[in-house]
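Note sheet for the following structure.
FYI, it's all coordinate maths here, none of it is from the lab. The structure presented is a predicted model; accordingly, all values stated were derived computationally and were not measured. Backbone-built Cβ (ideal geometry, glycine too); neighbour counts: all protein chains shown.
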Amino acid sequence: MKYMKNTSAIKLLLVLILSLGSQLAISQTFSNSTSQAWDSWNSSNAWATALSRTITVSGLSTSLSSAGTVLQQVNLTLGDATHTGLNLSTYAIRIKSPSGTIINIAASGGFSATSVQNVAIKYRDDALLLTPSSSSQEPFDIGYYRVTTSGSFANVNGENPNGSWTMEIAENTSTEIAFSKIELVFGTAFSYTNITATTSNDACSAPQCMSTETILKATISGYSGNSSNDPNVNTPWPGGCQWNASKDNSGWFYFKANATTAKITISGVSAAIQTLVVNNTNACTAGSQTVPTGGCPRDAVNDTYTSARYTSTAGSANNQQLNLSGLTIGNEYRLIIDGSSGAISSLYIEMTGNVKSCIVVLGVDIVAFDGVVGNRLFWKTSNEINCDYYILERSVNGIDWEVLTKLPGQGTYSGESTYEYDDVFYQKNVLNYYRLTEVDYDGKKNIYHDKIKALDNRDGNQSNQIIRTINYLGQDVDITTPGVLLIQYSDGTVKKIMN
């Protein structure tokens, strides 16, 4: 790769690196915990007299950007230990940036809870999430809920986040809930793997990998019953876990433990689902699976709603969590999600804890992965072992990926093989990124993060060239280098990608 000498551009890149450096691994949280007692405030249903709190933000980069620091999450804590039965259905909640941009967290009527004591809710702006819908979700602390309008956190991109933010609550009730805390969380944009358009993990033998590197967007639409593999139902497991009444439409996921504890949250649940974690030993033999501590959704450590919501016959239509402990380091575990009576739900699955990366080395040597504006993608292999098929994905931001096609592999073959695909529906006027994944006959997947291809489809910029690529340490690297990279183009623009 050839680089052009450009002192001002180099300085700009280094400034970007310095502003991103402390943000890459750790989110930063800013809060106001000045409490307000129960029934000691009254907004009279007007913003002018709303309960208001100021959150001071400092030390962040001077411009929010999807390629750098973004507003990730808003956390809100309300209620106290003694006052129950409060009606929040008229509550409207919003935050205002130092530049005056308003983001509606909850619209009046959007917090449909009419008998509540405590709220400890975490808001994100992803479209797959749902707004809180009933008092049965109290205290709303499992998983995540959506703000009024999906994608609205991006409304403050381009603004300087440092300064005074304001939270306001307006309502039309006779008795107001106590206020405890508001938190704003900033950091790099979340990375997502979107498999909602596929059913490739519709079997125990082909589970979808989970890790802390990316949030899974999934569904169980179009999945089969997998009756020969699903864990036994109706008969209580050791410890009394009775997770499911019938085998309907199961999705399979897996992770490998690098520590003795891990946590899985499933948000965006719109219909009753049944979940279970089993040890991978004999995972695909019904009746032979074992459940780790915390792998049963009915465990008290998991079903922490004010009133238990999970039943052995119908599962739960609320967000769910699995707090796992006593895991064996190095062992693989499987998560099964089944729709109650075939119910279909979207799934926003996040994993926390120390688990093995989903990037694995399989028996395929990729000689080349390239493309030309048009958009034709092609790749060549020199060796394939146990290769079932390839998945080609596209993204316009290097974070959210959609599946374009699956092409069959060569199984086990020692010669050269070539593949190509024409993306005739590529998005215009943007940079289109392409990613390749290989899946073997055992269902294990290898995402080739080091071979992401970018094609420039911006009008008038077809000749735009990459002139420099650096990592977050400011070192010149090849575009295929794993990790977070900053790419400088000949038109002066800078793009952040994650390989």
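With the convex hull of its Cα atoms as the shape, the stretch 366-420 has an orientation-averaged projected area of 4.1 nm². Of the peptides 320-329, 338-347, the ranking by mean beta-carbon count within 10 Å, highest at the top, reads 338-347, 320-329. Under 13 Å from a point 7 Å along the Cα-to-Cβ line of residue 417: which residues of the stretch 364-398 have their amide N that close? Under cut-off, by backbone N: 364-367, 379-391. Taking each residue as 0.36 nm, the span from residue 425 to residue 40 lengthens on full extension beyond its C-alpha to C-alpha distance by 132.9 nm. Taking one quarter of the surface of the convex hull spanned by the alpha-carbon atoms of the stretch 364-462 gives a direction-averaged projected area of 5.9 nm².
If the chain linking residue 306 and residue 476 were pulled fully straight, counting 0.36 nm for each residue of separation and taking away their Cα-Cα distance, it would gain 55.9 nm.
Applying the Kirkwood pairwise sum to the alpha-carbon positions of the stretch 33-188 produces a hydrodynamic radius of 15.8 angstrom. Semi-axes of the equivalent ellipsoid of the stretch 192-355 are 19, 18, 17 Å, computed as sqrt(5λ) over the eigenvalues of the C-alpha gyration tensor in descending order. Checking the Cα-Cα distances for 247/453; 356/380; 263/428; 96/445; 181/247; 356/453 against a 31 Å cut-off, the pairs over it are 247/453; 263/428; 96/445; 181/247. Peptides 75-85, 419-429, 290-300 ranked from most to least packed, by the mean per-residue count of other Cβ atoms within 10 Å: 290-300, 75-85, 419-429.
Stretched out straight at 0.36 nm per residue, the stretch from residue 150 to residue 407 would grow longer than its current Cα-Cα span by 89.2 nm.
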